[in-house]
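Undergrad: Provided herewith is a single structure, encoded as structure tokens, for subsequent inquiry.
The values are calculated or read from the model by the stated rules, or taken from the named source; none is laboratory data. Everything quoted here is computed from the prediction, not taken from an experiment. Every residue, glycine as well, gets a Cβ built from its backbone with ideal geometry; the counts of neighbours run over all protein chains shown. These area figures cover heavy atoms from the full protein model, side chains too; ligands, DNA and RNA do not enter into them. Shrake-Rupley method; radii C 1.70, N 1.55, O 1.52, S 1.80 Å.
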Amino acid sequence: MATVALALAAFTGTGLRADDIELRGTPAYNNMDYVGWVGTAADPSAHTAAYISNFDNSSSYDCANGGPGGSRLIRYPFMLPDLRQIHFVRIWGQKADLTADLDIRLRRSCTNFLHPVPPVMTTIGTTSVAEAPGYFSALIGVDSTEMPDNALCRYVVEVEMGSAASACAAYPGALRIMKIRVQSSLTDRIFRSAFREAF
């Protein structure tokens, strides 16, 4: 009992931190988890996907297919722990004039280990970036029932930078992916913010 009392005293005697104050009234906030990558973590779908990554030392993926031809598809594969609920994927980048439009997809690839057949690809959500918004932030929302099953499924964010029929960008740094982030939550966890509020 003395050990428990000492632990509670240490837990309650630390005082409020700034983030504790900000999180009051948001009991689900502490369940959130964020997984992110810089642009250069992309996996090009083919060696013909030309890119540069040192335009301004930002670790961005800058499309460098300055003419027709070459792959325009890059992928960001990822896994999340089981029982995570995926909320959304956010993509940051830059798109200037005379650059290809972006088509962005979140996809799930699943197979059955008892039946060795090609994986079944399912598109969970899509978004696009058109015209020339400059710096942008795009969002793919996910249905609340989407939960990973790591025994059978994997996920990937696909970014397609226009068509191979024309250039994707006229100059370095005109079309680039800077960062991608997946937000998820654990549906049940003992150490919620409501637990701290009890003390």
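Undergrad: What pairs come up if the first residue lies in the range 146-160 and is hydrophobic (A, V, I, L, M, F, W, C), the second is open to solvent by less than 10 Å² (accessible area, probe 1.4 Å), and their beta carbons are under 6 Å apart, counting only those six or more places apart or on different chains?
TA: 157/76; 157/89; 157/106; 157/180; 159/74; 159/104; 159/177
Undergrad: Here's another thing I want to ask about it. Suppose we keep only residues that are modelled with pLDDT of 90 or more and among the hydrophobic types (A, V, I, L, M, F, W, C) within the range 170-199. Which one would you say is farthest from residue 147 (Cα to Cα)?
TA: The extreme case among them is 174.
Undergrad: How many residues are closer than 20 Å to residue 104 by Cα, within 15 Å of the chain's Cα centre (by Cα) and open to solvent by less than 60 Å² (accessible area, probe 1.4 Å) if we restrict to the range 149-187?
TA: Of the residues in the range 149-187, 11 are closer than 20 Å to residue 104 by Cα, within 15 Å of the chain's Cα centre (by Cα) and open to solvent by less than 60 Å² (accessible area, probe 1.4 Å).
Undergrad: Please list, ordered by first then second residue, the pairs with beta carbon atoms under 8 Å, 6 or more apart or interchain, first in the range 24-43 and modelled with pLDDT under 85 and part of a helix (DSSP H, G or I), second surrounded by 14 or more Cβ atoms within 10 Å (Cβ to Cβ) and not polar (S, T, N, Q).
TA: Listed pairs, sorted by first residue: 29/23; 30/23; 30/192; 31/186; 31/192.
Undergrad: Across the range 66-85, what is the total count of residues that are crowded, with 20+ Cβ neighbours inside 10 Å and either touching a His at 6+ places or on another chain (Cβ under 8 Å) or modelled with pLDDT of 90 or more (or both)?
TA: Of the residues in the range 66-85, 3 are crowded, with 20+ Cβ neighbours inside 10 Å and either touching a His at 6+ places or on another chain (Cβ under 8 Å) or modelled with pLDDT of 90 or more (or both).
Undergrad: Let me ask you something else. Please find, within the range 127-137, the residue that is surrounded by the most Cβ atoms within 10 Å (Cβ to Cβ) out of those that are among the small types (Gly, Ala, Ser), at pLDDT 90 or above and over 10 Å from residue 102 (Cα atoms). Let's see the steps before the verdict.
TA: In the first step, residues of the range 127-137 are kept if they are among the small types (Gly, Ala, Ser); the result is 128, 130, 132, 134, 137.
Okay, now just the ones that are also at pLDDT 90 or above, so 128, 130, 134, 137.
Those left that are additionally over 10 Å from residue 102 (Cα atoms): 134, 137.
Numbers: 134: 10, 137: 12.
For the range 127-137, the residue satisfying everything is 137.
Undergrad: Any residue at all in the range 105-122 that's without any contact (Cβ under 8 Å) to a residue 40 or more places away in the chain, of a type in the set (S, T, N, Q) and either touching a helix residue (DSSP H, G or I) at 6+ places or on another chain (Cβ under 9 Å) or within 14 Å of residue 158 (Cβ to Cβ) (or both)?
TA: The answer is yes, given that some residue of the range 105-122 is without any contact (Cβ under 8 Å) to a residue 40 or more places away in the chain, of a type in the set (S, T, N, Q) and either touching a helix residue (DSSP H, G or I) at 6+ places or on another chain (Cβ under 9 Å) or within 14 Å of residue 158 (Cβ to Cβ) (or both).
Undergrad: Mind telling me which of the residues 101, 143 ends up being open to solvent by 50 Å² or more (accessible area, probe 1.4 Å) and under 17 Å from the mean Cα position of the chain (by Cα)? Step through it out loud before you land on a result.
TA: Working: 101 fails: under 17 Å from the mean Cα position of the chain (by Cα).
Criteria check complete, one pass: 143.
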